[in-house]
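I have placed the structure first, in the form of structure tokens, so that the comments after it can refer back to it.
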Amino acid sequence: MAGTIASMTGFARAAGTTGAVQWLWEIRSVNGRGLDIRVRVPNGFEAVGEAARAALSKALSRGQCQLNLTLTRPEAAARVRIDESLLASLAAAVARVPRPAGVGPATLDGLLAVRGVVETETDAGADPETLNRDLAAGIDRLVADLVAARQAEGAKLHAIVGGQIEAITRLTQAAEDCPARRPEAVRARLAASVAALVGAGGLDPDRLHQEAVLLAAKADVREELDRLRAHLSAAGELLAQGGTIGRRLDFLAQELGREANTLCAKAGDITLSRIGLDLKAVVEQFREQVQNVE
């Protein structure tokens, strides 16, 4: 089992300072049926956010990702600028307009209150082009760190899932070797069942033969064991192959669970039933783990 797999769970952050602006990228990734990337950036940085989404889409195949960008700007003093040309034009225009009776001349404070005459400017704290370039570089680091985190978690998953496949294989072999499956044990259970039917009376020999055949078919778990082995072989090959195998492993987990349920239902012996229940428990643990595999 030399293949490598990745988990869909991971966290990464990238921070830096551009001029007087401090910025922080953070991303959290959890399991999901497909790839769902949600981006939250301050107003005016939508283009940077879309570039980050594109970079993540190239690096990941599955998972729900929440990406956030936080900007911290310095508290700069506001600068006031008066549009003197506009103010002079307004003053000249007002002087040319005849004043109705009772209306006083225009005052400076009144003219300054006109929209556009006075503008307030604040220092952005960083050159926009330089800031965008640094944010893009931060995204590159963030994506690389997230991929590394998911691969590190995937290495742990690889060992866990591999151990569970081995446990299911051992239980399948235990069911194969169970004394209850030996021909003499099956015949003994059939004889007891037929004897009970005979004791009930009213059954002809043909009916007894049919019942015996049905009981024998129900007691045979050969097909379930064969399918369990086939699914286990496929799961082992996928794990050895590695890559984005989560969906296929999830499908195999469902098939393993179906066969384990059928084996339990057909087991006519307490020992085989216990093996089947243990098998179901490990298969369920296997299913839960592979749902985190990308």
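What nm value, rounded to one decimal, do you get for the distance between T107 and E129 when each label is placed 7 Å out toward the C-beta?
4.7 nm
Once you list every other residue whose beta carbon is under 12 Å from the beta carbon of V147, what net charge do they have if Lys and Arg are +1 and Asp and Glu are -1? Before the final figure, lay out the partial values.
Details: positive: K58, R141, R150; negative: D140, D145, E153, E294.
Here the count lands on -1.
Percent relative contact order of region 244-290, based on C-alpha pairs within less than 8 angstrom and at least six residues apart?
Normalised by residue count, the contact order of region 244-290 is 48 percent.
Can you list the residues, at least 5 places off or on another chain, whose amide H is less than 5 Å from the amide H of Q64, using H built in the peptide plane?
HN-HN under 5 Å from Q64: V30, N31, G32, D36.
So what J values fall out for region 45-62 if you push phi through Karplus, 6.51 cos²θ - 1.76 cosθ + 1.60 with θ = phi - 60°, rounded to Hz, Gly and Pro as x?
After applying 6.51 cos²θ - 1.76 cosθ + 1.60, I find 10, 4, 5, 5, x, 5, 5, 5, 4, 5, 5, 5, 5, 6, 8, 10, 10, 9 Hz.
When only Cα pairs under 8 Å and 6 or more residues apart are kept, what is the percent relative contact order across region 18-151?
So the answer I get is 35 percent.
Computed from the coordinates by the stated procedures, all read-outs in this text should not be read as laboratory data. Computed from a predicted model, the values in this text were never measured in an experiment. All Cβ positions, glycine included, derive from the backbone under ideal geometry; neighbour counts span all protein chains shown.
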